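Before any comments, here is the structure.
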There are 4 protein chains.
Amino acid sequence: MANAIIQIECKDQQGIVSSVTEFIYSNKGNIIDLDQYTDHDNNHFFMRVEWSLENFTIQKDKIAEYFETLLGKRFSLRFNLYFSDHKPRMALFVTKLSHCLYDLLGRWQSGELEVEIPLVISNHPYLKDVVERFGLPFVHLPITPENKKDQEKKQIKILKEHDVDFVVLARYMQIVSPLFIQHFEHKIINIHHSSLPAFAGAKPYHAAFERGVKIIGATAHYVTEELDAGPIIEQDVVRATHRHYVSDLLKMGQDVEKLVLAKAVKLHVQRKVMVVGNKTIVFH
Amino acid sequence: MANAIIQIECKDQQGIVSSVTEFIYSNKGNIIDLDQYTDHDNNHFFMRVEWSLENFTIQKDKIAEYFETLLGKRFSLRFNLYFSDHKPRMALFVTKLSHCLYDLLGRWQSGELEVEIPLVISNHPYLKDVVERFGLPFVHLPITPENKKDQEKKQIKILKEHDVDFVVLARYMQIVSPLFIQHFEHKIINIHHSSLPAFAGAKPYHAAFERGVKIIGATAHYVTEELDAGPIIEQDVVRATHRHYVSDLLKMGQDVEKLVLAKAVKLHVQRKVMVVGNKTIVFH
Amino acid sequence: MANAIIQIECKDQQGIVSSVTEFIYSNKGNIIDLDQYTDHDNNHFFMRVEWSLENFTIQKDKIAEYFETLLGKRFSLRFNLYFSDHKPRMALFVTKLSHCLYDLLGRWQSGELEVEIPLVISNHPYLKDVVERFGLPFVHLPITPENKKDQEKKQIKILKEHDVDFVVLARYMQIVSPLFIQHFEHKIINIHHSSLPAFAGAKPYHAAFERGVKIIGATAHYVTEELDAGPIIEQDVVRATHRHYVSDLLKMGQDVEKLVLAKAVKLHVQRKVMVVGNKTIVFH
Amino acid sequence: MANAIIQIECKDQQGIVSSVTEFIYSNKGNIIDLDQYTDHDNNHFFMRVEWSLENFTIQKDKIAEYFETLLGKRFSLRFNLYFSDHKPRMALFVTKLSHCLYDLLGRWQSGELEVEIPLVISNHPYLKDVVERFGLPFVHLPITPENKKDQEKKQIKILKEHDVDFVVLARYMQIVSPLFIQHFEHKIINIHHSSLPAFAGAKPYHAAFERGVKIIGATAHYVTEELDAGPIIEQDVVRATHRHYVSDLLKMGQDVEKLVLAKAVKLHVQRKVMVVGNKTIVFH
């Protein structure tokens, strides 16, 4: 039996937690998990509740309507409702590097990552074999400065045709345009190979090497119009020493990149992330 | 204005979260933080709620009674109620090593650790100067196999006289007896210098060196009758290599020990730890 | 042009470093990397030197002989000589879980892991597809208590026929026998899913869950006759909380397992590990 | 008996390691530790050797001369020679925050940190008690925009009078001037409360909070004229979540700051750090 998951956001006010839990309880829902957060600086309230629909007395397709009527208006709250039996549809964008691709596909195939993957898109042909070995369609859309706009329109069209819910840039070496971003606001996850805000932009490992840092990292974030400046979902680091050349940092970094990206994707899929301004709230 | 903090434990059942939050809300309390956890294996429910007493309409000294009457009986729940304006009274037990002592006293003096420290007890005189430099009473109770029982009785008497709420064994090199433990059940925090359950007992760094591990650690736990087997509050590790002799591990370990102990003490003081069987629940 | 790599071990004595480096220098070898370690407790000396053969005046196939004659006898030293242009031949043993397999094969295919993989052996058929997708032979040798001895003999025979240099147990769920181990002493790398010596043996994540640890880990070690007690090559950990069920620990642990195993395999392949008694020396 | 420690730097060329070790060996020195590093990008060689003077046949005060004559000229190498029985003289600069001060003084008093501390200088009177409790002179030199130049001259004068070898800015909340830096080139260690190059400059925790990072850090570096841009000695990080306000980050950060600073100071005292351009080499 599916669970319902609801993410709620509103002005902080008394009685929200008690009203929401009362709504679930009085209709015979059993709360599986509840996490809430109050941003006291901005007087804002956030909540994620997951409950079992087993004995829930409101029909699945009526829950949103009832919730809006009974609670949405009363507290002026915004909410998103999800069901655990709907697998989100994820498109992967790749270029040349295979480590994040292998990692995500391996997790998908072993059942750890609960998504549908309708297709993988790439601006280069290199990873065709890898993708097809997993039985997935590989769409090659080469990009030049001249055709970029048109190719992005094609990408958007294909993604819409395949009902794609969110996009993962798994070391996709192209900057996506504002147009593309508008179609998938807070639904494009990128992995940047540095511990942002350090070393935003191109060639972060080269920059890290030049600066002589003793730690390198990776950052998974939602893509926004400003490059490498979107809401951070997850970050991690690994120690470096003077012995590591750029080529070593590249290899070491790949281990962090793939784990950080996989964690961010799983959090997104489990509906544990809320975007607030340019930050994320990550529920337990 | 103080906050109230309540820790709740009971059989999992529908309506608890909504009833507890309704109790706070309808009496004009504002929830500052709420975290709950359901142990689905054992069908058990745990919760910690912190709310502001600013406009709360039930008198501070009546809250426990009302809560018991209105909710305790209904849900067969056990609870502990605390107030943020009561600083817990902490006694430190030490022997020779000063790193945990300095670390805790430094945090206390800078205001980071919100406790009263009525006294420090030691079985050796070595750290008298350190303790007195911080303006605290140092009680020297030497322990031999012959006098151990009597000295422990003295310790208990002194602790009771000083209204001590909890005891921290800050690298205290004596095993405390069951009698002592009974007087302070789940109120004695020990720091063990290994990542338990590895290397329980004496000389863990020597054992770690012999085994050739690449990681050493520290564990803060509540003391129970079985040595180094009580509920774990916090653990952390640090990397080791073949170059590290026992003496190096000792020094590196001290850095982890003092941080792990300080974290555990702060969690305990903030009433964020609940003991369940031989495990802990650590609320956010 | 290849590099030569030599690992040296002997009683600590004056003049070794200077004699070895003089041997390389006077024959026009250029030292790329040198790391040495003296175990002062046991008065034992260890060294790894890597030098370019570009202008080296001793023929590749004569180096061992000259080194033995000129230095081996003088210092009563034992050494192993390797060449960077020989890719070690690695056999993988697997059962059901795919995460370590995918990770190692992905690194191999991207060129990060410089080995030949003549075959993958498994006691179950589950991972046949994964292996064959990478174009590698999959050998299925089912094991029962009755046929175990015979199947291990077959394994050994196949490994010898394929000139296998070392074996990686990538979550292979069988205990290998002393006979097998004798054929590959310090050449079988296992990944154990706990931070050894904690939770040796079966079902470590269940045991970790029962104990309520706040950290779980993984350990890569050379297999010896005593179960999970061989020389540790690499370890790492990840934080756990009371919210993690055994099934969560299993998933989180897989991320550490695959990274720890990959690191150990790479260190082994780069000839950076020496076994001393039941410990390892890991050169930089 | 003391050890000699030598740090060497020169153009990479054949025969250096063998010549240096031969120099030590033939004069009956026993090598305790040797680490070398070749920067292949810039064709530059670095080495640190530590050897026992027990039977060394060259007088302590003649070693530098002999080394320069026999090796320095031949290889055009620069070197620094130290003796393990000379405790470096360290001055601490502090302002208001006590955590790094307590940590360093605790390590000094327990014998872990082998330095002399002739005095502590502060621009504020707050930490006078802490310092004097440890029996150390506290010099209060208040700084205003008007008197800054004069006060720095006084600082330099006092440091010179006390034969101070190196200065540690233990959360000293003043920017030191180029004049001061010239007097102690690569001899001033600062702790910056971010993982540089992220959040250089003032209020890094506020900036980290604004950016919504999931990791905060600390960086110990040698002070150079450009603010927070000097050679990094050591860095470390700690995880943050959306629940952490600036005040939480401040406290969590203090734990990393004090450990990172202590590690950097110990590496400096053990003569394990060499500065090359704007980077450090940290020997094992």
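Values for this structure:
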{"quantity": "Elements of type strands (runs of 3 or more DSSP E) contained in segment D:181-266, each with 2 or more residues being away from chain A (no Cβ under 14 Å)", "calculated": "D:188-192"}
{"quantity": "Residue match in segment A:59-81 (condition: surrounded by fewer than 17 Cβ atoms within 10 Å (Cβ to Cβ), among the aromatic types (F, W, Y) and assigned to a loop (DSSP other than H, G, I, E, B))", "calculated": "no"}
{"quantity": "Search result, residues across segment C:115-135 that are of a type in the set (D, E) and either in a helix (DSSP H, G or I) or buried (at least 19 other Cβ atoms within 10 Å of the Cβ) (or both)", "calculated": "C:D129, C:E132"}
{"quantity": "Answer residue from segment B:184-206, given it is in contact (Cβ under 8 Å) with a residue 40 or more places away in the chain and either surrounded by 24 or more Cβ atoms within 10 Å (Cβ to Cβ) or under 19 Å from the mean Cα position of the chain (by Cα) (or both) and is farthest from B:V94 (Cα to Cα) among those", "calculated": "B:S195"}
{"quantity": "Failed item in (1) out of contact with any Asp or Glu (no Cβ under 7 Å at 6 or more places or on another chain); (2) free of Cβ contacts under 8 Å to residues at least 24 places away in the same chain, with B:E22 passing the rest", "calculated": "(1)"}
{"quantity": "Candidate set from segment A:2-31 (those that are within 25 Å of the chain's Cα centre (by Cα) and at pLDDT below 95); member that is surrounded by the most Cβ atoms within 10 Å (Cβ to Cβ)", "calculated": "A:I31"}
{"quantity": "Qualifying residue in segment A:136-154 (condition: over 28 Å from A:V275 (Cβ atoms), surrounded by fewer than 18 Cβ atoms within 10 Å (Cβ to Cβ), modelled with pLDDT of 95 or more and within 14 Å of another protein chain (Cβ to nearest Cβ))", "calculated": "yes"}
{"quantity": "Criterion (acidic (D, E) and within 14 Å of another protein chain (Cβ to nearest Cβ)) met by exactly one of D:E65, D:E116, D:E132", "calculated": "D:E132"}
{"quantity": "Residue match in segment B:3-25 (condition: part of a strand (DSSP E or B), touching a Gly at 6+ places or on another chain (Cβ under 9 Å) and among the small types (G, A, S))", "calculated": "yes"}
{"quantity": "Residues (farther than 16 Å from B:Q270 by Cβ and under 25 Å from the mean Cα position of the chain (by Cα)) located in segment B:32-45", "calculated": "B:Q36, B:Y37, B:T38, B:D39, B:N42, B:H44, B:F45"}
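Residue-wise test of (1) within 29 Å of A:F134 (Cβ to Cβ); (2) in contact with a Lys or Arg (Cβ under 8 Å, 6 or more places away or on another chain).
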{"residue": "C:H124", "(1), (2)": "yes, yes"}
{"residue": "C:K128", "(1), (2)": "yes, no"}
{"residue": "C:T144", "(1), (2)": "no, no"}
{"residue": "C:D150", "(1), (2)": "no, no"}
{"residue": "C:A202", "(1), (2)": "no, no"}
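The values are calculated or read from the model by the stated rules, or taken from the named source; none is laboratory data. The structure presented is a predicted model; accordingly, all values stated were derived computationally and were not measured. With ideal geometry, Cβ positions are generated from the backbone for all residues, glycine too; neighbour counts draw on all protein chains shown.
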